[in-house]
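Reviewing the structure listed below.
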Amino acid sequence: MKPLFMNEEMIGQHTFGAVGFRHSANGNHDAIMLDFDFLILIVCKNIEEKPEPEHARIGLFDYQLIYVTSNDLERWVITGENAELLSCFFQGEIIWDEREELEQLRGKIIDFELTVREKRKFKEFARFLKFYNEAKALNQKGHFFDAYAAVVRGLQHLGRLELLERNIRAEEQIWEQLHALNTPSYKLYAEMSCSTETLEQRLQLALLAFEFSATSKMTDSCVMLLRILRSRKEPWSLQELMHKAELQEVREELPMVLRKLVYRSVVKQTTNGKVREVTGHGQGILYWA
């Protein structure tokens, strides 16, 4: 039987079911629980317009109702976004599954998470690389506090990459996970936070460690892209790569990572044919591995 909180008029048959998550005594998931007793995820099929979140009360208990779609869940698995909501979806209690579709969907998303690990690693590496480049540029300009902020954000992505390498799902609070494993990113994070050295000295240490990580993790993190580059004898244009179905979720980061791979001689480039520019015609750059 459908629970009282279900909005039959808004979602009708376009719903897999509902997952309930109770406020925990240790404060886990406070960022999305707020001061509610329960969080209820209504998992919808891929409807055009998703209902807005709702706040309501059942008896003495306040609850927050959030609607998500199966596409949302798959996208978050790839991008690493909304880790707390994903965790609630995986760990929460299925409180309504009339057609027994929600349990199947949860199993499918778990399996999907394993198949997209290469994409997750590529995306986390690309984000780490973005903040590494940003920190290096800011440091060179003498903007040390902004460079420090970029280093901290880069460390978060490097830490998630380390968890993925260990087949561990990254939670929202990754530093507790990394502390328990005593990973290199956690050691650097602790050094950056607790060191008595000057800010400039700490930045130099971090940038050296970032350079080592960028070099040592590059090939393994980019295995998906390298496999595509090696899948045919002819080299690839950037436009061809950006239209590959396997690279759609990482196309934003693709140009930056590709150039870094060329710089490190992991990927080779050549010129062949013409590429149309606003100012005329030039030699097109093609890539191969």
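Taking the alpha-carbon set of the chain, what are its Rg and Dmax in Å?
22.7, 71
Go through 179, 92, 254 and say which Cα lies farthest out towards the positive end of the charge dipole of the chain; charges sit on Cβ, +1 for Lys and Arg, -1 for Asp and Glu.
254
So, in nm, how far is label residue 110 from label residue 71 when the simple model puts each one 7 Å beyond its Cα toward the Cβ?
Distance between the two pseudo-spin positions: 2.6 nm.
Using a 7 Å offset from the Cα along the Cα-to-Cβ direction at both residue 228 and residue 179, what is the distance between the two label points in nm, to one decimal?
According to this spin-label approximation, the distance is 3.9 nm.
Treating the beta-carbon of each Lys and Arg as +1 and of each Asp and Glu as -1, no other charges, what is the dipole magnitude of segment 163-221 about its Cα centre, to the nearest 20 debye?
120
What percentage of the solvent-accessible surface of segment 140-289, computed with a 1.4 Å probe over protein heavy atoms, is contributed by carbon and sulfur atoms?
Here it works out to 52 percent.
Among 236-245, 50-59, 114-123, what's the highest-first ranking by average C-beta atoms within 10 angstrom per residue?
Top to bottom by mean Cβ count within 10 Å: 114-123, 236-245, 50-59.
Considering only C-alpha atoms, what is the centroid distance from segment 125-142 to segment 193-210, in Å?
Taking the Cα centre of each part, segment 125-142 and segment 193-210 sit 14 Å apart.
Take each complete run of DSSP H in the chain, measure how far its Cα atoms stretch along the helix's own axis, and keep only those covering 24 Å or more with mean Kyte-Doolittle hydropathy at least 0.0; list them.
Those that clear 24 Å and a mean of 0.0 are 144-165, 199-221.
Using Cα-only point scatterers and the Debye equation, what is log10 of I(q)/I(0) for segment 54-134 at each q in 0.12, 0.15, 0.25 Å⁻¹, rounded to two decimals?
-0.48, -0.68, -1.27
What residue among 254, 39, 105 has the largest mean-square fluctuation in a Gaussian network model of the chain, using Cα springs under 10 Å?
Largest GNM mean-square fluctuation: 105.
With the chain treated as a Gaussian network of Cα nodes joined by springs under 10 Å, which of 74, 98, 249 yields the largest mean-square fluctuation?
98
What dipole magnitude, in Debye to the nearest 20, does the chain give about its Cα centre under +1 on Lys/Arg Cβ and -1 on Asp/Glu Cβ?
Charge dipole of the chain: 1960 debye, to the nearest 20.
Work out the FRET efficiency for residue 149 and residue 37 from their Cβ-Cβ distance, taking R0 = 30 Å, and round it to the nearest 0.05.
It comes out at approximately 0.25.
The values are calculated or read from the model by the stated rules, or taken from the named source; none is laboratory data. Worth saying up front: this structure is predicted, and the values here are computed from it rather than measured. With ideal geometry, Cβ positions are generated from the backbone for all residues, glycine too; neighbour counts draw on all protein chains shown. The accessibility values were calculated without ligands, DNA or RNA, using every heavy atom of the protein model including side chains. Shrake-Rupley method; radii C 1.70, N 1.55, O 1.52, S 1.80 Å.
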